[in-house]
Every structure is written in C-alpha cells, then in structure tokens.
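The values are calculated or read from the model by the stated rules, or taken from the named source; none is laboratory data. Everything numeric in this text was worked out from a predicted model, so none of it was measured. Here the Cβ is made from the backbone with ideal geometry for all residues, glycine too, and neighbour counts use every protein chain on show. These area figures cover heavy atoms from the full protein model, side chains too; ligands, DNA and RNA do not enter into them. Shrake-Rupley method; radii C 1.70, N 1.55, O 1.52, S 1.80 Å.
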Amino acid sequence: MQPLSVEKVIKTFRQGDKSVTALASIDLEVQQGQFLAIMGASGSGKSTLLHLMAGLAKPDSGAVRINGEDLAKMPDRQLTIFRRRNIGLVFQAFNLIPTLTAEENIALPLMLEGTDSGAAKKKVTQLLENLGIADRRTHRPDSLSGGEQQRVAIGRALVTDPAVILADEPTGNLDSVNSRAVCELLRDLSIIHNKTIVMVTHEPVVGAFAQDVAVIRDGRIVDRFGTNGINGHDLAAKYADSLK
Amino acid sequence: MVLFHLALTNFKVRKVRTSLTVAAIALSVSLVVAVTAGYKSLEGMALRYLNQYMGAADVMIVPGNQYTFVPEKLVDELTADPDVRQAVGRLQSFREMNRAANQRGPARSAQHLAAGAMPSDKIATELIGVRRPQDKAIQSMTLIDGQWFDGSTGNEAVVDQFTAEKIGEGVGDQIEVPGINSKLKLTIVGIVHKPVFFAQHSATIHIPMETLQHFTGADNPPQVSSISINLRDKVNFDAFERRWTARLAQVDSSLRLRARRQNSGELEKNLRGVQIASYLGGTISMLTAMFIIFSALSMGVSERQRTLAMLRAIGAVRAQVFELVVLEALALAIVGIAIGIPLGMLWMWMLQHHYREMFAGGVVFSPAGMIFGAAGSMVTALLASALPAWWASRISPLEAMNAHSVTSARRPPIVWFFIGAILASIDPFIFFGPLKQIFQFAGMPNPDAAVETVRFFGHFVGGLPGIMIGYFLMAPAIIWVMERIFAPILARALALPPKLLRQQLSTGIWRAAGTGAALMVGLATLIALQVQGHTLIGGWKLPDKFPDCFIWSADIISWKDQKTLATTPGMEPGSLLPVVVTTPTGDSKLSLVMASVVAGQDVGVMFFGVDPQLALKMVQLDFRDNDGASLPRDQQAAAEAKAAEEMKKPRQIIVTDDFRESRHVKIGDTFPVLTSVNGWQKYTICAIVWSPGADVLVSMFDLGNLMDQRTAGSVFGSIADAQHDFGVTGARLFAANLQGGVDKADLLKNVQKSLGDRGLVAGDVRQIKFEIESGFYRVLDMISTVAIAAMALASLGVANTIMASVRSRQWQFGVLRSIGLGSGDLLRLILAEAAMLGLVGVVLGLAAGLEISVDARQLSGAILGYSPPMQIPWRIVGEGCLALLVVALAASLWPALGVARTQPLDLLQAGRAAT
C-alpha cells in the first residue's frame, strides 16, 4: 500500500463569475521513502495539489489516500486528527507560534494529542539533536535564524512520526546556504529514515535534491522523471522541456 | 494544559491589552464589592444602632398602622410574665422645630423660592418618651455632655448632637416644642451621640414619658408607640408568641407581635430600594466589562488568524481552538476577580477613613455581593467569549498558507443585524404584542394576570438583555453605514483626506462593535433612568380648582385638636379637609408594589380617607365613564352629586382612571380592600375620576422615599371607613382654603408662620410639587452615577481598541509618514477614529436608551397603573452623548500621541515585525 496516492482528482475554484479548473483529473502515486518534488509555474496548481494531499481542502471529485484512507470522505474532526497523526506539514513561512520556544513548537502536535509530557520531552530532545538545534531549544522564533526556524518546523512535522511529510516551498524564505541545508535534511530523511516526502517548489536547484520530479502545468501532470543525481542546471533544462 | 500554556503566552505578548481588559474586569468587580458593601454597612449600622438603641429586643409589640398606639398597661403585664426579662415602652411623636439662624436647611436662593421652594427654617424632630429609671437600654447611647434625666415626669430633655447643633442649643438651655394648643418648654440636661446618617433624617429629643404623654394627649389611658421585650434564656418562643398574640387580640386586634428577625426584615424592606440599586449598579458595570472582554478577544482572534489556522493545520480540532479562546476569557476573569475584590475592599476602607460618621458602624462586606461580582464576571466572560471562540474554531487551516492580509467588510453584516433586531424586538413585543390574544388562544384561565406577570418578568429576564445584546449584534451593520456617512464629514472637519478615514472601523468591525456596545451600556442606562424619572415627575400639571394650601404634621393630630387647627387665622372657615393615608399593614409602598407583583394578586392598596362632601367641593375632578371617557360637561355636576350621596354609605370608594384601567374595574363593581382592623372587605366603586390633584396627593406619599414608585393602587374613601376599618385616630395631612379677598401669597405666609409655631408645615401645591421634585431629582441623579461609572469603565475598551487598531496599521502609518503625512495629521487621524467610535456608542446608546424608556413606560402602566406622557430631558441626554464622545477621545489620546511621535522608520520596522 502506498503511503500517498491521488486518483483522478479534480478541483475547481470560482473567481468572480468564472469557474477556474485548478486541477484536471490528476493521478499520482508516491512510494514509501520516496522524495518527490512537484514543480510548476505560478498558478499551475501545485500548491492546490499539496493542499488536497494535506487534507486542507477537498477535491470536487476523485480521491486522495494516505495509507489507504480517503481524506475526502472524512468529516472535519476525524480529518484533523488524522492529519495530526499521519501528515507532517512544513510551510514556506515556517508558521511557528511566536510565543513558544523551539522545543515547545516541536512538541505542539504531541501536546494537542495529549501525549504524556515525559514521553513528549524525550522524543523532542531526540529530534532537536537530530536536527542540530539542541542548543537552541529554549529560544523563541524571533531569536532563531531562518534556517533554524525551518528546522524547528521540520521537527514539528516529524514529531508524530507521520506517514507523509508535505512541504510547501520550504526554502522560499531562506538564503542559498540555508536552503541547501534544509534540502539536504529532507533528502536524508527520505534516504536514511525512509520518510515519504512531497515537496512543492518552483526552483530547479531545490527540486534536484528530490529523487523524483513531477511537472505540473495548467492543472495536469505533464511529466514525471527521476533526477538520478542531476544538478539543478540540468534539471532546469529538463523541466523547461517538460513544459513545452 | 497546552491550551492554557498557549493562552498564557498570548497574554505575555499583548501585555497592555491584557492589562486593560483585566483592569476593566477588576474595576467592575470592585464596584460591585464596594457598592454592596456600602449597602451592607448601612444596614449593619442601622441594625447596630437599632439594637443599641432598642436594647436588641427579642420581640416588639407594635400598632397596626401609623395612626394607632399600644396601651402602656401591657408593659406591666409583660413584666409580670415569667418569660420576660424586661419590657420597655417608648412613645414617639414628631414636630418641626425651628433651626438656629445660622443652621438653615438646604440653601434656597431667590430663584429657588420664586420657583416654589419653601423656606427651610425648620427641622423634622422626633420626640421620644422614655420611662426612667426603668428604661436602662437608653443608656447604651453614648453621653457626650450632661446626664440622663431620672424620672418619668418633669421638663427635662436629652438631645442628640445633631439636634443640638441645628437648633443651636446646649446643656442648660431651654427649648420650646410647638404643639397645636400649647408649647412644651424643656431644659436640655444631656447630649448623646447618634450616627449622623440617622440624625440627619430624624433629629431626636428624649423626654420623660409622662411629660410627652400629657403633651400629645396620649395619657388617658397612657399609651406608647411600641413595647420592646427581652425574653429570658431558653424561653419557648413559639409558646410565648401564641400566648401573647391571643392576648393582644383581646386588647386591640390591630396590635402585632414582631420578632427580632422581622425587625431586621422590616429594615431590609425599607432598604430594599438601596439594595436593588446596589446590585443594579453592579450588573451594569459587569455588562460593560462583558463587551470590553468581547472586544479584546475578538481582536486577539483576528490578529492570530494565521497562528490559529496553523494550529488547525497541524492537528488542533475545532473544539480545542474554541476552548483556547474560552480559556483566555476565563483566565482574564479570574485575574480580574482576584484584583477586583481586594480593590473593592480598599475603596471601602478609604471611604471609611474619609467618612467616619457615615460608617460609624464599621465597614461590613457583603459575601453575597462578592459572590455576585465573582460569579457575574465569570458568566460575562463566558458569554463574551462565545462569538470569538466560535469564529476562531471556524478558521480554515488553509489560511495558514496565505500571506497575512486584512480585509475590510465589503458588505454590511446583514445576518447579524437581523438576529440583533429580533433580539431587540423581544421587549417591545412583550409590551405591544398580542400577548393577551395568545394566552386566550392557549386557553389560559386568567390571560390578563398572565400578561402582567409575563410583562414584568419578561422585561427584566428577556427584554433588557435582548436589547443590550441585540444592539451589540446590530452594531457592525450600523458601523458600516455610519462610516460611509460620517467619515467624510469628520475628515473635512479635521482637515484630513477622506479616503484615509474610509473603513477605519470596518477593518476591525467586531472589535469596534464590542467597544461601541460597551459605550452604549452607560449612555442607555443614563437615558432610561432619566427619562423614566422625568416622565414620572414631569407629567404633573397644576390643577385649576384645588385647595389653596396643604398642611402636614409629622405627628398625628387628633380629631379634637383638628378643631383648633381649623380656626387658624387666614384659613377659610369650614375648609379644613383632613386626608388620612394608610396601608393595611403599614408596609412601605415599595414592599406593597413588589409583593403585589410577585404574589400576582393584591396584597393591599393605599387608602385615602377624606370627608367626601368637602373633598368633592374643594378638588377639581373630572368624572369618567366605564371606558375612561370624560362625561359630558352637563353630566359632570350630576355625577358629582351622585358620588357625594353614595359616599355617605359605608364602604364606598372613588377610584382614579388609571386604577380603572389597570384593574379593569367599573362603577358598581366591588373591590377587595385589605384593612388592618377587619381584614379583607368589599368596597363598592361609586365613581371614576381623574384629577391632577389626585396625583399630587398620591405622589406626596409615594415619591418621598427612595425608589418608591406609584403604588399598586390608591383608592379614595371616607374618614368614617378609615376609622372603622383602619383604626385611624387622627390625620397628618390636611387641605385647606384661604380666606377670599386678600393676597393669597401673603396669607399663605401668615398661615405658614402661625402653623409653624405649632410645629406644622404648610405650603401650596406649587411648593409641594417643587419639594417633591427636588428630592426626587436628587435621588435620580445619585442613581444615575451608576451610568456615569459605566461610561468611564468603557473608556478602557476604547483605549484597547484604538491601540489594537494602531498596532495593526503601524506599517501603513509608516508608509504614510514616509510619503509626507505629518505627525499632527496622524494624531488627528487616530482621534477621528476614536470620535467615530464615540459616535457609534452615541447612536447605539440613544437607540437602546429610548427603546428601554418607551418599554419602561409601558411597564409602569401595566404594573403600577400609571402611565404619564413620556418626558425626555434632552439637555441631560445631550450631556450624556457629549460625555461619551469626550470619554472616547480622552481614552484614545495616549495611543494617538504615542504613534504620532514615533519616527516613520520605526513604524515601518514595527509594522513588518508585527506581520
């Protein structure tokens, strides 16, 4: 059973008096431990696809399955709890709670779950060390660098040991050094820890860190290929070809 | 735990807002604690004084009403009773004594006198007959000069310190007590201390018992006003009560046995109006705090939309987000209560330090008041959090993906407006809707009574809250409209670009609505109180045909002494009209009203006994038919003659048209009247009249007391019935005509002087009206301070809102300043927003206040049988509106000055950091 599959998903939006098709019958499968980058131009539908995968929106038709469960059929409460336990979200703008420390931000999903504080602390400590920010645990977001904040966000996404990690332009607010560090981290999570990761990006340099790239244009997957260790420059060329 | 932690950290980030909100709650709780403690202290002081003075009597024997006495021989019988440790009788009488020249009463300017004020050279004095040396309880009063007299005869007196000051006499001086036929000369031998609060209302002169009995004619047989009884230990009180109730019935069926708890109950009843006012003040302040809490919470939700969306995205269910906001509200309330209760206690201690005399009995805190303040604050916090919590729980997790943006309301929130309008319509429906038809349709046996009950309770339980919450829900739509109308006007007035003011409030429409509602509470309360008060009083018209003067005596004037009174020089012979006013149980008027409403039936009406033939000649009356229409002019004389004839028969009454309407009676109906001697008796209605004079008569006895309203009903009967059914032995109030052919004003002055020498007060109807009105307006203004306090409290909400508004637009202000907007312009921009908030409060307050006033007038008519034309004191309303605007502007000054002084770059950086 794949951890993530999208089956004939259609999603439309209303813009004024017009109806816009954001996704037109998308099919997509992601295997366990796979690191997939979804690339496309602005307005191509990549973010909408990610939202549907995260259960933040529902498709007009089709199914989005995580570990075999169709998210579209779940009522709100069940979906929220499912998302908490099975989906890790990493946002472009980090979206950390400004009043909580790094370790509290990471522990947040466990606290919402009602996990025992001792067990939660243990898990969070391990994550902080793995992410290389153990020395910043008591710092609030406003005293962390962008890269550190994104690591905290990744830690928060990982803390419940989710089936899938979904990242929406995770390097969008980072400089090149931090971007590279975050991408390497995600790649290591996939290769070493067998985490299933789907990342939305418009940057070929970032997409090159993934194993697979799916190109989306006008709401359709127009191409999908393995990166096989190609660099960003070559990926950019291949990406451009896909869009022709 | 995580939610509590999130709430706490949120407070730390918004320290000023949290502090202001907590301050609002703390102030409202402290107001409740202080005001209820004030009432409790007053009650405690009264009880302590009464206990001290009356020797903490276990039980008292009192007469059935104010016109009868208790035979003093019962004191000996009681003393001989093995269950009685001590029995003491005291006689009370009242006189108007002359004040010292330098101790005149409230200042009466020439304008006051021209408007009808009476010269205030008298002081109402209570004469207390004390049998010494038996009455040792009296010695518990602290002697501050001289000594007590030792016998029951002799011309000695002991006065309280207030009386000594006002009449300008001391130990060793002689005073003269005026009487109808003679004066009583006394020598002051001692001065005692009486708490000023009581002394101001009733100066006291203690006189040997038999001296006073002889002076007042209560010596044959010897009579007293009450007997205080102290029982021995372990007496079976029920057996004692049974035994003596039977004995008293043999002596005089109107005599009553009253246990100590009933005494305090009586005191409570008399102070009931003050107690109600104290809780009303607390409720209004908590209502204001509720809207402030709402405003703060809704600001918090809108500012944290992204955070809340993120919480939803990472797995917080709706209920958890809902709980978070509710938890914040409760946490604010708990902290507010924890500060407010000690703060209220601190206010009281400070007041006690400043007004020692007022708190001579010490400060007594009311546990019930504290619980009311605490529980009320928790409830209001919960209510205030309902909407913001619901909004927070509806935030879509998708919004975590969006960039932060503030969108203004493109369309007015119509749905909330309609919900609010429905809620605000509950009260008018209660009074103007087809309730009777609904109850009839439902098959209720007594739809009229059901309508009255529903109107009374429905108004307070559903109607008033519906109006407050309804206008709050309508506020966003009203703000939306007002912005479009007033923003351009304000912009021009303040020399600002109109587009800058557009949508200032509607970008945070609910926070503005909450603040507007907080401002509304105070203004609406002020308007409702003042309109009700002015309507009750202001509708008086002075009658054309009416007695030239009224005379009243603090003491009963016997039938015999009335003959002497009738010969007062200047008075038209044969025109002295005694007016006996009594209730069946001697209870206060408010107690009658409340009891009749709660019991749902009559528990008694006020009975005015007059000489019918003389009264009909002296007073202008408009005779009505059974539908309330005036009889044609050619039938008036016949109706008057018929009424005069009928009133010669026993148990006939004349009722007013208001009474007819409220009681649904007609001529010929019998009406049950509760009498103090013969219980319930059927009286026959022989005429229905209307007269402004009747209003004056009724009001004299209704409106002299705090919080009193028109009675549940007043009827006019004969003196003979008053004697027979109520046991009256004299009268206190008289009407009289002055001799013709001479200047009435001068004649009145002469009559006043002549009567004044006998301890009586006389005045014409204009003067009576002035005195009653002045007293009433003083009380009204005092009660209205509750509304002023609520408006001041609302200023905290304004400050909160303006600060949040400034914070959310820091970046925008930075941009404006960078491109050339001056600091003065920015200051005016923010003050304009505050002015708009104030205007919102004014519009809401005016609408809510006037609606409450219209409905309250109906309530008066429905319950109290009196519904005068509405009088709106526009000057006071205008002042209230202006005060509200000033409050709003003043509260915004500090944040406005702060941001105006900030450098543009700092604003830009702060604004970016905030996003």
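Listed here are the residues, each with its yes/no results for (1) farther than 22 Å from B:Ala518 by Cα; (2) at pLDDT below 90; (3) more than 14 Å from chain A (Cβ to nearest Cβ).
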| residue | (1), (2), (3) |
| --- | --- |
| B:Pro397 | yes, yes, no |
| B:Ala400 | yes, yes, no |
| B:Arg411 | yes, yes, yes |
| B:Phe418 | no, no, yes |
| B:Pro428 | yes, no, yes |
| B:Ile438 | yes, no, yes |
| B:Asp448 | yes, yes, yes |
| B:Val451 | yes, yes, yes |
| B:His459 | no, yes, yes |
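Here's the yes/no breakdown for (1) farther than 30 Å from A:Ser117 by Cα; (2) at pLDDT below 85; (3) open to solvent by 20 Å² or more (accessible area, probe 1.4 Å):
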residue: B:Met1; (1), (2), (3): no, yes, yes
residue: B:Leu8; (1), (2), (3): no, no, yes
residue: B:Phe11; (1), (2), (3): no, no, yes
residue: B:Val22; (1), (2), (3): yes, no, no
residue: B:Leu27; (1), (2), (3): yes, no, yes
residue: B:Ser30; (1), (2), (3): yes, no, no
residue: B:Val35; (1), (2), (3): yes, yes, yes
residue: B:Lys40; (1), (2), (3): yes, yes, yes
residue: B:Glu43; (1), (2), (3): yes, yes, no
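Go over the candidates B:Ile276, B:Ile284 one by one and state the one that is in a helix (DSSP H, G or I), modelled with pLDDT of 80 or more and open to solvent by 10 Å² or more (accessible area, probe 1.4 Å). Let's see the steps before the verdict.
Details: B:Ile276 fails: modelled with pLDDT of 80 or more.
Of B:Ile276, B:Ile284, the one residue that is in a helix (DSSP H, G or I), modelled with pLDDT of 80 or more and open to solvent by 10 Å² or more (accessible area, probe 1.4 Å) is B:Ile284.
Quick one: would you say A:Asp168 is open to solvent by 20 Å² or more (accessible area, probe 1.4 Å), among the acidic types (Asp, Glu) and within 13 Å of chain B (Cβ to nearest Cβ)? Break it down stepwise before answering.
On the way: open to solvent by 20 Å² or more (accessible area, probe 1.4 Å): no; among the acidic types (Asp, Glu): yes; within 13 Å of chain B (Cβ to nearest Cβ): yes.
The answer is no for A:Asp168.
Regarding B:Pro569, is this residue open to solvent by 40 Å² or more (accessible area, probe 1.4 Å) and at pLDDT 70 or above? Before the answer, list the steps.
On the way: open to solvent by 40 Å² or more (accessible area, probe 1.4 Å): yes; at pLDDT 70 or above: yes.
When the stated conditions are applied, B:Pro569 passes them.
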Query raised in the report: Got a number for residues in region B:86-137 being closer than 30 Å to B:Val235 by Cα, of a type outside the set (A, V, I, L, M) and either at pLDDT below 75 or under 33 Å from the mean Cα position of the chain (by Cα) (or both)?
Result: 2
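Please note which strands (runs of 3 or more DSSP E) are completely contained in region A:1-112 and include at least 1 residues that are away from chain B (no Cβ under 14 Å). Can you show your working first?
Values: elements: A:4-15, A:18-30, A:35-39, A:61-66, A:87-90.
Filter on region A:1-112 gives A:4-15, A:18-30, A:35-39, A:61-66.
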**Report entry** All positions within region A:7-35 that are surrounded by 23 or more Cβ atoms within 10 Å (Cβ to Cβ) and within 24 Å of A:Glu203 (Cα to Cα)
**Finding:** A:Ala22, A:Leu23, A:Ile26, A:Phe35
Query raised in the report: Any idea how many residues of region A:113-132 are away from chain B (no Cβ under 14 Å) and either touching a strand residue (DSSP E or B) at 6+ places or on another chain (Cβ under 8 Å) or open to solvent by less than 10 Å² (accessible area, probe 1.4 Å) (or both)?
Result: 2
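Is there a residue being at pLDDT 85 or above, open to solvent by 30 Å² or more (accessible area, probe 1.4 Å) and on the phi < 0 side of the Ramachandran plot anywhere in region B:768-787? Lay out the reasoning, then the answer.
Within region B:768-787, the first condition is being at pLDDT 85 or above, and the residues that meet it are B:787.
When the remaining residues are screened for being open to solvent by 30 Å² or more (accessible area, probe 1.4 Å), the result is none.
For region B:768-787, residues at pLDDT 85 or above, open to solvent by 30 Å² or more (accessible area, probe 1.4 Å) and on the phi < 0 side of the Ramachandran plot: absent.
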Query raised in the report: Within region B:538-553, is there a residue that is assigned to a helix (DSSP H, G or I), under 27 Å from the mean Cα position of the chain (by Cα) and modelled with pLDDT under 80?
Result: yes
Query - Filtered residue count, region B:312-345, keeping only those that are within 12 Å of another protein chain (Cβ to nearest Cβ) and without any contact (Cβ under 8 Å) to a residue 24 or more places away in the chain - result: 4
Report task. Identify, from the list B:Leu844, B:Leu829, B:Leu816, B:Leu884, the residue that is aliphatic (A, V, I, L, M) and either in a loop (DSSP other than H, G, I, E, B) or open to solvent by 20 Å² or more (accessible area, probe 1.4 Å) (or both). Result -> B:Leu816
Query raised in the report: Among the residues of region B:143-191, which ones are assigned to a helix (DSSP H, G or I), within 30 Å of B:Thr568 (Cα to Cα) and of a type in the set (S, T, N, Q)?
Result: B:Thr163
Report task. Sort out for me the strands (runs of 3 or more DSSP E) sitting completely within region B:601-693 that have 2 or more residues that are open to solvent by 40 Å² or more (accessible area, probe 1.4 Å) and within 29 Å of B:Thr68 (Cβ to Cβ). Result -> B:670-675, B:679-690
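Residues that are open to solvent by less than 40 Å² (accessible area, probe 1.4 Å) and closer than 30 Å to B:Ile276 by Cα: which helices (runs of 4 or more DSSP H) entirely in region B:291-403 hold 2 or more of them?
Numbers: elements: B:305-314, B:318-354, B:367-393.
Once the helices (runs of 4 or more DSSP H) in region B:291-403 are filtered for at least 2 residues that are open to solvent by less than 40 Å² (accessible area, probe 1.4 Å) and closer than 30 Å to B:Ile276 by Cα, what remains is B:318-354, B:367-393.
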Query - Which numbered condition A:Arg136 fails, given (1) within 12 Å of another protein chain (Cβ to nearest Cβ); (2) without any contact (Cβ under 8 Å) to a residue 60 or more places away in the chain - result: (1)
